[in-house]
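This report refers to the structure that appears directly beneath it.
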Amino acid sequence: MSKKVADTTGKYRPENTPAELASLLAQHLDQIFVQTTMMGRTQAYLGSVTLEWFAQQVYFASCLPLLQPKHNPTTGNVEVDADTISEIHQRPLDWSRQIPLVQYLAAWKNHKFPPVLVVINQSWVDNPEAAQWDREGRALKSTIDFRPLDRDGSVGLLNFAPENTIYALDGQHRLMGVQGLMELIETHQLQRYRKDKTPDGSVITLNDLIEHYQVDVDYLESLPQEKIGIEFICAVEKGETREQARRRVRSIFVHVNLMAVPLTKGQLAQLNEDDGFSIVARKIATKHPLLEQRSTRKPRVNWNSATVATKSTVLTTLQALKEMSERYLGQKFLHWKPLDKKLIPIRPHDKELEAGMIEFQKLFDYLATLPSYRVLEAEETPLLRRFSFEKDGGEGNMLFRPVGQVALAQALGILVFKKGFSLKDIFKKLHKFDLEGGFSGMEYPRSLWYGVLYDPNKKRIQVAGRDLAAKLIVYILGGIQEPMERAQLRKAIADARTVETQAISFDGQFVEPKAVGLPPIL
């Protein structure tokens with residue numbers, strides 16, 4: 001015999017058994033089964049809906065009636081001006097993200113979006129004369145119609161009347177991605193957009209996904225019935241004025257976005273299980289003798305930051321290792337890179353990852369033989385990294401700067417995989433070059449890296465010179481033979497060493513830019 005529980009009118013009704021509950025839910029397919037949640041003073045209702053329902057029933061938060069006078073229907077954003085700046089609830093939508101999100105949903109079998117947070121609004125909210133407001137302008141009811149199914153009101157059904165409208169408070173880009181997926185499935189193509197939703201002149205088609213990611217049509221057509229978590233809050237709570245409700249909703253949006261700190265590039269390199277270059281970089285960082293962590297020495301890899309502090313004893317960063325992997329192995333495994341840099345890469349097959357690991361391991365085996373790295377057991381990295389004019393002085397060695405390490409890996413990838421050079425022959429030359437101080441003293445005009453990786457005006461490293469440094473390494477190792485390519489390289493080096501109208505030669509003299517020649521080939 002079922003127990004009696006109070007309903008919303010104060011009367012008592014039987015508590016539902018599992019069978020009765022299942023029958024009840026079957027009769028109310030237009031409602032959503034939810035569980036109530038409470039954090040702080042925010043009452044919410046947590047459930048799930050199909051992707052199809054989400055795409056059709058939920059609007060962008062910038063479409064809230066409060067902002068419609070300044071709402072741009074093309075971009076989905078609010079036009080910011082003196083009138084609306086205090087009303088903005090959302091960051092601008094970036095429509096260039098739609099295709100990557102669609103591609104992720106369609107191509108990754110283990111895709112997952114976190115729950116979205118939405119606001120339920122009703123038409124009376126924007127009518128100050130509506131019967132739902134009392135004489136003091138306070139709401140006599142909430143914009144959410146919740147029917148409890150248990151004694152404590154912890155679970156129940158949300159009713160959605162025609163006058164309800166739902167807006168994505170947190171999850172607008174997820175909504176954009178799901179809507180794009182629905183359009184792609186229905187029309188078999190989707191327009192690419194720039195950030196402001198202006199077409200970029202190209203489209204992605206269903207056949208593109210099928211051919212490039214080996215997904216089948218049946219699988220794609222099943223995606224609309226997948227379910228996403230959704231949390232509902234009301235636009236107006238009972239007893240609130242319209243202004244109080246507006247402030248509450250806006251405050252919730254700010255809070256959820258402040259708490260959602262994006263991952264750094266280093267953290268992404270730690271966690272990424274799809275990007276082959278990141279996977280290989282992590283293995284090298286933890287397994288290779290040059291980098292692995294040992295109790296007898298200080299750590300040699302910075303796992304989070306993209307830079308190395310002046311006093312840091314690390315040799316490199318995980319992000320730099322990932323870039324080295326990408327620029328070295330990327331010359332061999334071209335398909336490890338996605339067709340579009342905004343798309344998520346496909347995880348390579350295990351055999352290919354193993355082959356990539358062997359190649360990268362071989363590179364680091366040779367790097368470890370360089371004289372600059374062999375002194376690591378006796379010297380700490382700050383001394384080798386610092387410039388001579390810095391406190392306590394140093395060698396100014398490019399091999400102890402992430403940008404120099406990446407440039408070297410990029411050059412060697414070109415030489416080995418594009419030009420057929422052997423690492424053995426390359427490092428025979430680099431060993432002699434290193435012994436003669438070729439990698440050190442970047443701050444002196446005699447250095448090849450002066451003006452290229454070292455900025456003599458600001459007296460610091462310049463990351464923008466990485467590609468030129470890579471070309472210079474290819475050249476000194478005998479990898480550039482074409483006269484035109486050599487002439488272009490000479491001019492680029494002269495430009496890099498030019499201050500106003502005068503260039504600084506390798507012997508430290510001011511000369512005409514055209515007088516700056518190329519260094520000798522090793």
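Just so you know, all these numbers are worked out from the coordinates, no wet-lab data involved. What you see is a predicted model, and the numbers here were worked out from it, not measured in a lab. Heads up, the Cβs are rebuilt from the backbone with ideal geometry, glycines too, and the neighbour counts pull from every protein chain shown.
Observations
- DSSP-defined beta bridges in the chain - what % are antiparallel, rounded to 5: 80 percent
- If R0 is 51 Å, the Cβ-Cβ spacing of residue 134 and residue 293 corresponds to a FRET efficiency of close to 0.15.
- Rg/Rh for the stretch 450-522 stands at 0.95; both radii use Cα atoms, and Rh follows the Kirkwood definition.
- Which of 377, 326 has the fewest Cβ neighbours within 10 Å, and the rest in rising order: 377, 326
- Available extension along the chain between residue 391 and residue 145 is 81.7 nm, counting 0.36 nm per residue and deducting the alpha carbon span.
- Ranked for footprinting exposure by Cβ neighbours inside 10 Å, fewest first, 36, 310, 296 give 296, 310, 36.
- Taking the stretch 378-419 and dividing mean pair separation by its residue count, relative contact order in percent (alpha carbons under 8 Å, at least six apart): 24 percent
- Compactness index (Cα Rg / 2.2 N^0.38 Å), the stretch 124-220: 1.71
- The calculated 222 nm mean residue ellipticity attributable to helices in the chain amounts to -10500 deg cm²/dmol, summing -39500 (n - 2.57) over DSSP H runs of n ≥ 4 and dividing by all residues.
- Binning the C-alpha pair distances of the stretch 315-440 at 5 Å intervals from 0 yields a P(r) profile of 2, 10, 17, 22, 19, 12, 8, 7, 3, 1 %, listed from the shortest bin outward.
- Residue 273/residue 251 FRET efficiency (R0 30 Å; Cβ-Cβ; nearest 0.05): 0.25
- Over 22 Å between alpha carbons, listed pairs 283/332; 311/429; 283/351; 197/337; 351/424; 141/227: 311/429; 197/337; 351/424; 141/227
- Mean projected area (nm²) of the alpha-carbon convex hull when the chain is viewed from all directions: 34.4 nm²
- Site pair residue 286 and residue 307 shows an inter-label distance of 2.9 nm when each label is modelled 7 Å from Cα along Cα→Cβ.
- The fewest-to-most ranking of 514, 491 by surrounding Cβ atoms within 10 Å reads 514, 491.
- Size descriptors for the stretch 396-458, from the alpha-carbon set: Rg then Dmax equal 12.7, 38 Å.
- Bins of 10 Å from zero: percent of alpha-carbon pairs in the stretch 294-340: 25, 36, 26, 12, 1
- The stretch 434-467 versus the stretch 185-202: alpha-carbon centroid distance in Å: 44 Å
- Taking N as the residue count of the stretch 310-384, its C-alpha radius of gyration divided by 2.2 N^0.38 Å amounts to 1.38.
- The H on the amide N of residue 59, modeled in the peptide plane, is under 5 Å from the matching H of 166, 167, 168, each at least 5 residues off or on a different chain.
- Packing-based ranking, highest mean first, of 468-477, 100-109 given that Cβ atoms within 10 Å are counted: 468-477, 100-109
- Relative contact order (%) - the chain, alpha-carbon pairs under 8 angstrom, separation at least six: 11 percent
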